[in-house]
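One structure is given below, encoded as structure tokens.
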Amino acid sequence: MAMFDWDTVFLALQKYKLLKAWSNLRLDRKRLVDFCTGGNAWYTLFIPQAELAINGFADVTKQQDILVQLLVEYTDRFYQALKAGYEGQFYDIAYITDDHGSMLKLYQFEIDGTDVGREYEVKLKVLRDLVAAGKIGGASRWNAPHMVAISFDRHLYYPLMAPDVTGSLPLKMRPIAFDSPSEVQFVRDLEAFYNSPAAKETLAGRSLYLLRNADTQAKGLGFARAGNFYPDFLLWLVDDASGKQWLSFIDPKGIRNLDLSDPKLGLFSEIKQRELELGDADLTLNAFILSFTPYRDLLNVGISASEAELEDRHVLFMDNGRDYYLGKLFDRINASVSSL
């Protein structure tokens, strides 16, 4: 570190601050150097030992670049934590109404003028008419090559659409509802589970609703303390008699490279703090990560925790099968039901 160019490090953080438009964040060069050289245990670096060998000045520069990356990540978490602490004073409960029924006003398609493109246009118009007529059965049976369109009537709007990864399409669409295969699998698994006999016992007098979360501050619901994290789905259980609600934030994702310090894996506990702050006896909050990565393939988390310990942290593994991971999810939601 004695050979690091601290002006370069400091200016790299200043550049990041300007990029994020954080005008209320002050950076001080001396405090930055003291922070980095003071022996504070503010990061754990997973790297092959050989990558830290010093055989020339280029290796010093490489380690300096690693430090800059770590500092950028730390600065982001530092700022978001302070921002969340301030904004947390003003949290309130908002109720979804028909005016909020969709975070999505419409899909827009740009279709090629080819014969194949015209075939897709005809198919999409058929789907549009089925949805407009409220014919969920017909919409559920609609299909087109290389396109995912799920019409699950417990979702607050349908269909959920996206191109799949197996081929190309003669069109562009926006927005894309699904960002990954894990999201598609979750919605399909939940639909199949909801229509199974086991769901009647699991839900027991409660209605289920699902909503795809938007990933922007203007429309979606995110968590600054969890790394500005926007979970993919909001899942409600609503008691048909009392109106009590159990709202869960669900994020199906690959977690191969995450470790236990990642704020996304801490949302399950942070959300309970938000619940206490809101103080509404009729609202219970939970958060879950649905891992598309099998436990055996984890690089970092698997070193620190067993699969059972991760399940206690609301990390559930989708490769264990629909009934298993969704059963675990509803078991934990029901545990909060019985504790009221």
Quick one: dipole size for the chain, taken about the Cα centre, charges +1 on Lys/Arg Cβ and -1 on Asp/Glu Cβ, in debye to the nearest 20.
-> 540 debye
Would you list, by chain and number, the lysines whose Cα falls below 21 Å from the Cα of LYS172, excluding same-chain residues fewer than 8 positions away?
-> LYS105, LYS123, LYS125
Candidates PHE268, PHE229, PHE78, ranked by Gaussian network fluctuation over the chain, Cα under 10 Å, top entry = PHE78
Counting only DSSP beta bridges with both partners in the chain, the antiparallel fraction in percent, to the nearest 5, comes to 65 percent
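What FRET efficiency comes out for the pair GLN89/ILE136, r = Cβ-Cβ distance, R0 = 51 Å, nearest 0.05?
Calculated value: 0.75.
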Run down the aspartates and glutamates and flag those whose C-alpha is under 14 Å from the C-alpha of LYS253, throwing out any fewer than 8 positions away in its chain.
-> ASP179, GLU183, ASP232, ASP262, ASP297, ASP319
Would you work out the relative contact order for the chain, in percent, from Cα pairs under 8 angstrom that are 6 or more residues apart?
-> 11 percent
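Kindly rank 309-322, 50-63 from highest to lowest mean number of other beta carbons found within 10 Å of each residue.
309-322, 50-63
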222 nm mean residue ellipticity, helices alone, for the chain (DSSP H n ≥ 4; -39,500 (n - 2.57); rounded to 500) | -13000 deg cm²/dmol
Pick out which of LYS15, LYS135, LYS83 has the largest mean-square fluctuation in a Gaussian network model of the chain, springs linking Cα atoms closer than 10 Å.
-> LYS15
With 22 Å as the limit, write out which pairs from LYS30/LYS264; LYS244/LYS272; LYS200/LYS264; LYS15/LYS62 have Cα-Cα distances beyond it, or answer none.
-> LYS30/LYS264; LYS200/LYS264
Please find, in a Gaussian network model of the chain (springs between Cα atoms separated by less than 10 Å), the residue of ASP92, ASP323, ASP189 whose mean-square fluctuation is greatest.
-> ASP92
Counting pairs of alpha carbon atoms under 8 Å apart in space and at least six apart in sequence, what relative contact order in percent does segment 18-165 give?
-> 11 percent
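Every number here is computed from the coordinates shown, using simple stated rules; none is lab data. Remember, it's a predicted structure, so these values are computed and weren't measured experimentally. We place every Cβ from the backbone using ideal geometry, glycine too, and count neighbours over all the protein chains shown.
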